[in-house]
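Chemist: Take a look at the following structure, please.
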Amino acid sequence: MPTPFDNSFVNLPTSFYMCQNPVPVAAPALVKFNHDLAREIGLDESDFPLEVLAGNMVPDGATPLAAAYAGHQFGNFVPQLGDGRAVLLGEVVGPDGIRRDIQLKGAGRTYFSRGGDGRAAIGPVLREYLVSEAMHALGVPTTRALAAVTTGEPVQRETPLPGAVLARVARSHLRVGSFQFHYARQDKAALEALAEYARARHYPEAEGALGLLDAVIAAQAKLIAKWMGLGFIHGVMNTDNVSIAGETIDYGPCAFMDTYHPETVFSSIDRQGRYAYVNQPKIAQWNLAQLAQTLVPLVGEVEKLEASLSRFDDLYATEFTRIFSAKLGLARVEPDFIVKTLKMMADEGVDFTLFFRRISYGLPIDELFENPVTATKWLIDWQRQTTPEALEKMKAVNPVFIPRNHRVEAALAAATHGDFAPFEQLLAVLSRPFEPQPENAIFENPPNDDERVLATFCGT
Ligand code: AMP
Ligand code: MG
């Protein structure tokens with residue numbers, strides 16, 4: 001049976017994309033296939049033979065294309081970025097009625113490749129696989145990983161590395177940058193078509209372009225609050241990496257915080273700390289302002305767009321407070337107590353994930369603190385704000401396992417040398433993040449001094 005593609009993006013005006021087949025590779029080999037995800041979208045492994053996953057064969061019904069988009073990269077506007085190393089094979093509608101894109105990332109040069117080789121190295125492909133699947137298991141909206149294959153071809157980075165292709169599944173690959181592309185070209189008809197397409201596909205209950213903006217703002221406020229509640233740092237919140245569907249997308253130098261500190265940055269290319277943990281909500285709002293800007297020709301009334309944007313703060317604050325109240329098992333909404341707790345964690349150099357894990361299970365926390373007395377005092381304070389019944393709920397929101405950066409890096413380093421066992425093991429642990437797994441307890445731990453990862457590179 002051919003894969004039941006049902007492609008809609010390809011019916012948009014031709015300025016939205018360039019037709020582009022994936023570029024075949026020398027010697028594909030399967031690293032991992034996500035059977036659970038395939039089942040979820042109503043397919044199985046037979047729909048995705050290795051040749052298809054590697055880009056060596058175009059399946060029946062696919063309409064491969066590279067999408068056009070623009071974007072602000074670290075604040076600088078680039079009028080044309082686009083899929084420089086990704087090809088959209090098409091869309092499938094799952095048994096749940098949800099339409100999803102199937103894209104090959106690392107599938108070779110396209111019209112949008114500029115100076116790049118269109119390829120991806122094994123490390124970044126498996127990082128995206130691990131972290132996106134972990135995010136999904138943690139309950140965060142995200143693109144998913146359907147499969148990873150190696151290409152049998154080296155890619156030249158600082159050193160030659162094994163090449164790989166990721167098969168990615170997303171609600172769509174529409175980005176804020178997709179709107180910016182047509183806005184920069186002052187193509188109002190294209191903007192209208194795109195806004196209507198995005199609205200109908202993702203927010204059918206929304207009305208018009210303004211309704212679309214409101215829905216995207218609400219989705220982003222929720223998404224960023226979830227990131228904050230898990231200590232997740234995206235690393236490259238450029239407007240081309242902001243999904244209209246509200247999913248986490250484009251995992252580059254992303255990482256989860258070990259020790260809590262609001263200014264934490266992982267990406268080696270983010271020297272100013274623009275995308276530091278604490279800046280993420282402000283940056284999200286800035287990115288949404290860029291989206292609002294592109295809708296001016298459609299909505300006309302700038303005040304309405306500004307009013308929508310100004311609602312982000314409240315939406316985000318409400319979500320943030322809700323999430324941290326649940327993490328702390330608070331009986332009543334106490335924003336001040338949350339702020340006080342986080343400040344204490346920063347002052348004391350407390351491990352973010354272990355802190356919430358331990359209080360959820362009634363385990364001692366004093367050894368996480370520089371001054372154990374602070375822990376004792378905090379516990380007394382906390383006990384006044386919570387109830388014993390809260391513990392069960394806390395266990396459902398405070399993960400035992402997150403993709404610790406040193407574990408991720410170790411798994412990727414091994415995979416680069418052909419050993420996929422650490423990747424498999426980490427992936428398995430992270431598929432059940434809320435369940436204590438005594439046999440895998442070591443994966444709960446933050447890095448020792450000699451395990452600490454100093455910089456996370458974009459690795460494109
Ligand atoms: P990213 O940093 O992955 O979000 O990508 C930013 C832009 O650079 C997008 O337009 C990508 O398609 C493009 N890009 C990244 N890596 C490559 C590559 N190896 N070859 C061609 N284009 C690339
Ligand atoms: Mg990107």
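Chemist: Order the peptides 308-316, 127-135 from the highest to the lowest mean number of other Cβ atoms within 10 Å of their residues.
Modeler: So the order, starting with the most tightly packed, is 127-135, 308-316.
Chemist: Take the alpha carbon gyration tensor of the chain, find the square roots of its eigenvalues, order them as a ≥ b ≥ c, and report rounded if a/c is under 1.5; if not, report prolate when a/b exceeds b/c, else oblate. Don't jump to the answer; show the numbers that get you there.
Modeler: Values: a/c = 1.84, a/b = 1.28, b/c = 1.43.
Oblate.
Chemist: Give the long-range amide H neighbours of H72: residues separated by 5 or more places, or on another chain, with amide H under 5 Å away, using H modelled in the peptide plane at 1.01 Å from N.
Modeler: Those lying under 5 Å, H to H, from H72 are V78, T239, D240.
Chemist: Related question: Taking every DSSP beta bridge with both residues inside the chain, roughly what % is antiparallel (nearest 5)?
Modeler: 95
Chemist: Check Y17: other-chain or 5+ apart residues with amide H under 5 Å from its amide H, H built from backbone geometry?
Modeler: Close amide H contacts, sequence-distant or interchain: A68.
Chemist: Which residues among the stretch 378-408 fall inside the zone where the amide N is under 15 Å from a point 7 Å beyond the Cα of R332, along Cα→Cβ?
Modeler: 382-387
Chemist: Taking neighbour counts of Cβ atoms within 10 Å as a proxy for exposure, in what order, fewest first, do S8, S243 appear?
Modeler: Final ranking by Cβ density, sparse to dense: S8, S243.
Chemist: Pop the C-beta distance of M18 and Q385 into the FRET formula with R0 = 60 Å and round what comes out to the nearest 0.05.
Modeler: Calculated transfer efficiency: 0.60.
Chemist: What does the net charge come to around V400 if you take all other residues with beta carbon closer than 9 Å to its beta carbon, with K and R at +1 and D and E at -1?
Modeler: Local net charge: +1.
Chemist: For A289 and D450, calculate 0.36 nm times their separation in residues minus their Cα-Cα distance, and state this gained length in nm to one decimal.
Modeler: 53.7 nm
Chemist: Compute the FRET efficiency between N11 and E207 as 1/(1 + (r/R0)^6), taking r as their Cβ-Cβ distance and R0 = 30 Å, and round to the nearest 0.05.
Modeler: 0.85
Chemist: Something else about it: Using 1/(1 + (r/R0)^6) with R0 = 56 angstrom and r between the beta carbons of S310 and D44, what's the FRET efficiency to the nearest 0.05?
Modeler: Working: r = 47 Å, r/R0 = 0.84.
Once the sixth-power term is evaluated, E becomes 0.75.
Chemist: Just rank D96, D44, D117, fewest to most, by other beta-carbon atoms within 10 angstrom.
Modeler: In order of increasing Cβ crowding within 10 Å: D96, D44, D117.
Chemist: For the chain, what is the calculated [θ] at 222 nm in deg cm²/dmol (nearest 500), taking -39500 (n - 2.57) for each run of four or more DSSP H residues and dividing by its residue count?
Modeler: Details: 16 runs with 184 residues, N = 460.
That calculation yields -12500 deg cm²/dmol at 222 nm.
Chemist: Can you return the lysines within cross-link range of K343? Criterion is Cα-Cα under 23 Å, with same-chain partners fewer than 8 residues away left out.
Modeler: K222, K226, K282, K327, K377, K395
Every read-out reported here was derived from the displayed coordinates using simple, explicitly stated rules and does not represent laboratory data. The structure displayed is predicted, hence computed values, not measured ones. A quick note on method: Cβ atoms are made from the backbone with ideal geometry, for glycine too, and the neighbour counts reach across all protein chains shown.
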